[in-house]
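Just below is one structure, and these are the notes that go with it.
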Amino acid sequence: MTAVLPLLIVIAIMAAGAASHRWCPRAFERLLNQYVYYLAFPAILFMSLKQAPFEEILNGRFILGYSAALLLVYALIYWKLCSKGQLENRGSTHRYVETTAENKRVAALHALAATFGNTAFIGIPLLAGLFPGNAAAMLAAALASLLSVLMFALTVVLLRLSRDTLSKAAQLWLAIRVCGKNPIVMGSLLGVGASAMQLSFPQWLESVLWGIGKSSSPCALFAIGVALARSARDAGSLTFPASLWQVLGAKLIILPTLVWVMFAILGVDNSLTAMAVLLAAMPSAASVYLLAYQDGSADKLMARIIVSGTLLSLIIVPTFAWLLL
């Protein structure tokens, strides 16, 4: 029951958001998402990392195990879809065609959906509920988010390379710019710097930052409930090609299992292992859809992956929690 109750709270708040999507103005939805993404999440990650001992942040085994699992799954999905061509979408018809630059872009988006989990909007409130008062939970969420953003940067580079030829230096600079514009990355890096320098702030400022940060969980869950309801409505025809199931299997089962195996091999303690596996089991983040929409590649399919993955995670995440806790 201890493991299930936070999940029920998460589901209840998301359901409230989903039920409210009809009367919730889109302007309010955008404002709520911007507040959470640009202010609340960076605030809680900054304060959590600031208070964590610097030597605990640089957890080499966590970084090695989690990043290795991400890269392996990303490479597996990208290679599998590119090796036999990618799905061509023509209305409700899907067929495999020869690999082209466009298909490589779609393969990269599939690989991102299989590795870029919702470690912030769902992962942070889930860990906060399952591990109350445990500073390592926010540390794990911050590290998982940072490493996941690297997958996002890699995808942006691959999408650009499918259209233009870039030098190695240009590719690196593009990846740095993508990471540098991400508020979660910046909040985490500033928190790491504050921890290293052992900075202290006035009590009133810390109270304000903690207050903003703690508002992130309920606001994020409500916002994602609204977004999921609208995504389900706007996802287009209800077709489920093979690539969708491959991505869902990789994201919800293979990635968390691989993280579990990696952490066991590296000797990471059980508590941190449980946090990492649950974070790896988070469904694909909405950012995947936004990137697909901006690129004009498989955006409807990415919406279906996000909605389907989030619904399936209501069964899979509690299962992992039951096995681990």
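The values are calculated or read from the model by the stated rules, or taken from the named source; none is laboratory data. Since this is a predicted model, take the numbers as computed values, not measurements. With ideal geometry, Cβ positions are generated from the backbone for all residues, glycine too; neighbour counts draw on all protein chains shown.
Pairs please, first residue from region 293-322 and under 24 Å from residue 129 (Cβ atoms), second anywhere and hydroxyl-bearing (Ser, Thr, Tyr) and at pLDDT below 85, Cβ atoms under 6 Å, 6+ apart in sequence or on different chains.
So the pair list comes out as 306/289; 307/231.
So, residue 139, is that one outside any loop (DSSP other than H, G, I, E, B), surrounded by 16 or more Cβ atoms within 10 Å (Cβ to Cβ) and of a type in the set (A, V, I, L, M, F, W, C) or not?
Considered against the rule, which asks whether it is outside any loop (DSSP other than H, G, I, E, B), surrounded by 16 or more Cβ atoms within 10 Å (Cβ to Cβ) and of a type in the set (A, V, I, L, M, F, W, C), residue 139 comes out as yes.
The rows are residues; the columns are (1) at pLDDT below 90; (2) over 19 Å from the mean Cα position of the chain (by Cα); (3) within 18 Å of residue 51 (Cβ to Cβ); (4) of a type in the set (D, E, K, R).
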{"site": "107", "(1), (2), (3), (4)": "no, no, no, no"}
{"site": "112", "(1), (2), (3), (4)": "no, no, no, no"}
{"site": "115", "(1), (2), (3), (4)": "no, no, no, no"}
{"site": "126", "(1), (2), (3), (4)": "yes, no, no, no"}
{"site": "163", "(1), (2), (3), (4)": "yes, yes, no, yes"}
{"site": "178", "(1), (2), (3), (4)": "yes, no, no, no"}
{"site": "192", "(1), (2), (3), (4)": "yes, yes, yes, no"}
{"site": "201", "(1), (2), (3), (4)": "yes, yes, yes, no"}
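Of everything in region 164-211, what is of a type in the set (S, T, N, Q) and outside any helix (DSSP H, G or I)? Give them in sequence order. First the steps, then the outcome.
Within region 164-211, the subset of a type in the set (S, T, N, Q) is 165, 167, 171, 182, 188, 195, 198, 200, 203, 207.
Result: 165, 167, 182, 198, 200.
Which of the residues spanning region 159-215 are charged (D, E, K, R) and crowded, with 16+ Cβ neighbours inside 10 Å? Quick ask: steps written out before the conclusion?
Step one: filter region 159-215 for residues charged (D, E, K, R), giving 160, 163-164, 168, 177, 181, 206, 214.
Of everything in region 159-215, just one residue is charged (D, E, K, R) and crowded, with 16+ Cβ neighbours inside 10 Å, namely 160.
Hey, could you check region 48-86 for residues that are in contact (Cβ under 8 Å) with a residue 24 or more places away in the chain and basic (Lys, Arg) and say which is farthest from residue 200 (Cα to Cα)?
Step by step, filter region 48-86, then rank; the result is 80.
Anything in region 255-287 that is in a helix (DSSP H, G or I), at pLDDT 85 or above and closer than 24 Å to residue 33 by Cβ? List them, or say none. Lay out the reasoning, then the answer.
Step one: list which residues in region 255-287 are in a helix (DSSP H, G or I), which gives 255-266, 270-280, 286-287.
If we keep only those that are at pLDDT 85 or above as well, we get 255-266, 270-280.
Across region 255-287, the qualifying residues are 278, 279, 280.
Within region 269-285, can you find the residues that are over 15 Å from residue 130 (Cβ atoms) and buried (at least 22 other Cβ atoms within 10 Å of the Cβ)? Walk me through it before giving the result.
Restricting attention to region 269-285, the residues satisfying the condition of being over 15 Å from residue 130 (Cβ atoms) are 269, 283-285.
283, 284, 285 - these are the residues of region 269-285 that are over 15 Å from residue 130 (Cβ atoms) and buried (at least 22 other Cβ atoms within 10 Å of the Cβ).
Search region 286-324 for residues being surrounded by fewer than 24 Cβ atoms within 10 Å (Cβ to Cβ), small (Gly, Ala, Ser) and more than 17 Å from the chain's Cα centre (by Cα), and hand back the single one that is farthest from residue 62 (Cα to Cα).
Top of the filtered list is 296.
Could you list all residues from region 63-88 that are modelled with pLDDT under 70 and crowded, with 18+ Cβ neighbours inside 10 Å? Walk me through it before giving the result.
Going through region 63-88, the residues modelled with pLDDT under 70 turn out to be 84-88.
Matches in region 63-88: 86, 87.
Within region 226-239, is even one residue of a type in the set (S, T, N, Q), outside any helix (DSSP H, G or I) and modelled with pLDDT of 75 or more?
Initial filter on region 226-239 (of a type in the set (S, T, N, Q)): 231, 237, 239.
So of that shortlist, the ones also outside any helix (DSSP H, G or I) come out as 237, 239.
Pick out the ones that are also modelled with pLDDT of 75 or more and you get none.
No, region 226-239 has no match at all.
Listed residues 132, 125; which is in contact with a helix residue (DSSP H, G or I) (Cβ under 6 Å, 6 or more places away or on another chain) and either surrounded by 22 or more Cβ atoms within 10 Å (Cβ to Cβ) or not in a helix (DSSP H, G or I) (or both)? If you could, list the steps in order and put the result at the bottom.
Working: 132 fails: in contact with a helix residue (DSSP H, G or I) (Cβ under 6 Å, 6 or more places away or on another chain).
After ruling out the rest, the residue left standing is 125.
Consider residue 313 carefully, then state whether it is touching a strand residue (DSSP E or B) at 6+ places or on another chain (Cβ under 7 Å), at pLDDT below 95 and of a type in the set (Ser, Thr, Tyr).
On the way: touching a strand residue (DSSP E or B) at 6+ places or on another chain (Cβ under 7 Å): no; at pLDDT below 95: yes; of a type in the set (Ser, Thr, Tyr): yes.
For residue 313, the condition - touching a strand residue (DSSP E or B) at 6+ places or on another chain (Cβ under 7 Å), at pLDDT below 95 and of a type in the set (Ser, Thr, Tyr) - is not met.
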